[in-house]
1. More than 24 Å from ASP47 (Cα to Cα) and either modelled with pLDDT of 95 or more or in contact with a Pro (Cβ under 7 Å, 6 or more places away or on another chain) (or both): is that true of ASP188 in this structure?
2. For the stretch 141-157, enumerate the residues that are modelled with pLDDT of 95 or more and more than 15 Å from the ligand (Cβ to nearest atom).
3. Looking only at the stretch 111-120, decide whether some residue is part of a loop (DSSP other than H, G, I, E, B), under 28 Å from GLU169 (Cβ atoms) and at pLDDT 95 or above.
4. Taking the stretch 179-216, which residues are in contact with a Leu (Cβ under 7 Å, 6 or more places away or on another chain) and polar (S, T, N, Q)?
5. Any idea how many residues of the stretch 141-157 are assigned to a helix (DSSP H, G or I) and either in contact with an Asp or Glu (Cβ under 6 Å, 6 or more places away or on another chain) or without any contact (Cβ under 8 Å) to a residue 24 or more places away in the chain (or both)?
6. Does SER107 count as assigned to a loop (DSSP other than H, G, I, E, B) and either on the phi < 0 side of the Ramachandran plot or not assigned by TED's automatic domain parsing to the domain that holds VAL192 (or both)?
7. Can you tell me which residue is surrounded by the fewest Cβ atoms within 10 Å (Cβ to Cβ) among those in the stretch 158-208 that are within 13 Å of the ligand (Cβ to nearest atom), under 17 Å from the mean Cα position of the chain (by Cα) and assigned to a strand (DSSP E or B)?
Amino acid sequence: MASWSAMALSFCAFAFLRRPSCRFDCRVPCESTLNSDTSRSINNGVDKMVFDLLRELADALVVGAGTIRIEGYAVGRKPLVVVSRTGSVPPTQREAGSGKVLMATVSTAPYVDEAREILGRDNVLVLGSHRVDLARLKDELVLRGYRHLLSEGGPHLLRDLLDQGVADELDATVVPRVIGGSHRRITDGPPVEIPLRLTTLVEEEGTLLARWFVER
Ligand SMILES: NC(=O)c1ccc[n+]([C@@H]2O[C@H](COP(=O)([O-])OP(=O)(O)OC[C@H]3O[C@@H](n4cnc5c(N)ncnc54)[C@H](OP(=O)(O)O)[C@@H]3O)[C@@H](O)[C@H]2O)c1
């Protein structure tokens, strides 16, 4: 706790005024687009503090299978909900142990039976036939006692969480670095336009910690 700065703590102190909640956390460089493929290179100390604090506050993490595969998510302390159209359990999560990983997928997913074998029947949530119904996912997780959900990515999942009216908050850490070239944005997939209201903005060592509420 001693290494967590006052600014980072104040940013997180007001984290869960509205409940149950679904927050999306991401980090971006100073330019307007997300440098998805180099997300590790835009991590800094302040961002890491907030990242860790937000994880501490969450009951469960909800993450797209793509991000888990690419970033090689390790098995953590918090339950991890993998969102996947194929139902394929990411390699790093296959030995996670009972109840630590849930799969949110669809009935037509080619790997749904395999997911049931690996994770256990109760840990595979089939929420739709061709598209994961993310609002139902949120309700199902709340019923299981996971009221504060944190999504850490990625761009396709954020797009769908916004489109389906499931994300309540967007937390973006803007790091003081310009990264040139053409890069992906914080959402990917069909266009989506959602108004946001800035509720918190703090600065720490040149890094901006911003929280927006989704306007509905
Ligand atoms: N800078 C940042 O803050 C940040 C944050 C997160 C990620 N990233 C970066 O983003 C990149 C990954 O991008 P991505 O677009 O592949 O991420 P993603 O959205 O996590 O992954 C896409 C995959 O996740 C599953 N998925 C996502 N949304 C779904 C939905 N609504 N329903 C069903 N399945 C869904 C599908 O998996 P299946 O293929 O299994 O069906 C889909 O192919 C990585 O480079 C990562 O490092 C950056």
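1. Details: more than 24 Å from ASP47 (Cα to Cα): no; either modelled with pLDDT of 95 or more or in contact with a Pro (Cβ under 7 Å, 6 or more places away or on another chain) (or both): yes.
No, not satisfied.
2. VAL142, LEU143, ARG144, GLY145, TYR146
3. Applying the first criterion (part of a loop (DSSP other than H, G, I, E, B)) to the stretch 111-120 yields 111, 120.
Those left that are additionally under 28 Å from GLU169 (Cβ atoms): none.
No, the stretch 111-120 contains no residue that is part of a loop (DSSP other than H, G, I, E, B), under 28 Å from GLU169 (Cβ atoms) and at pLDDT 95 or above.
4. Within the stretch 179-216, THR187 is the sole residue that qualifies.
5. Taking the stretch 141-157 as the starting set, the residues that turn out to be assigned to a helix (DSSP H, G or I) are 141-143, 155-157.
Still in the list and also either in contact with an Asp or Glu (Cβ under 6 Å, 6 or more places away or on another chain) or without any contact (Cβ under 8 Å) to a residue 24 or more places away in the chain (or both): 143, 155-156.
Total satisfying the criteria: 3.
6. Values: assigned to a loop (DSSP other than H, G, I, E, B): yes; either on the phi < 0 side of the Ramachandran plot or not assigned by TED's automatic domain parsing to the domain that holds VAL192 (or both): yes.
So SER107 passes the test.
7. So the residue we want is ALA172.
The values are calculated or read from the model by the stated rules, or taken from the named source; none is laboratory data. This one's a predicted model, so the numbers in the text were calculated from it and none came from an experiment. Don't worry about glycine lacking a Cβ; one is built from the backbone with ideal geometry, like all the others, and counts go over all protein chains shown.
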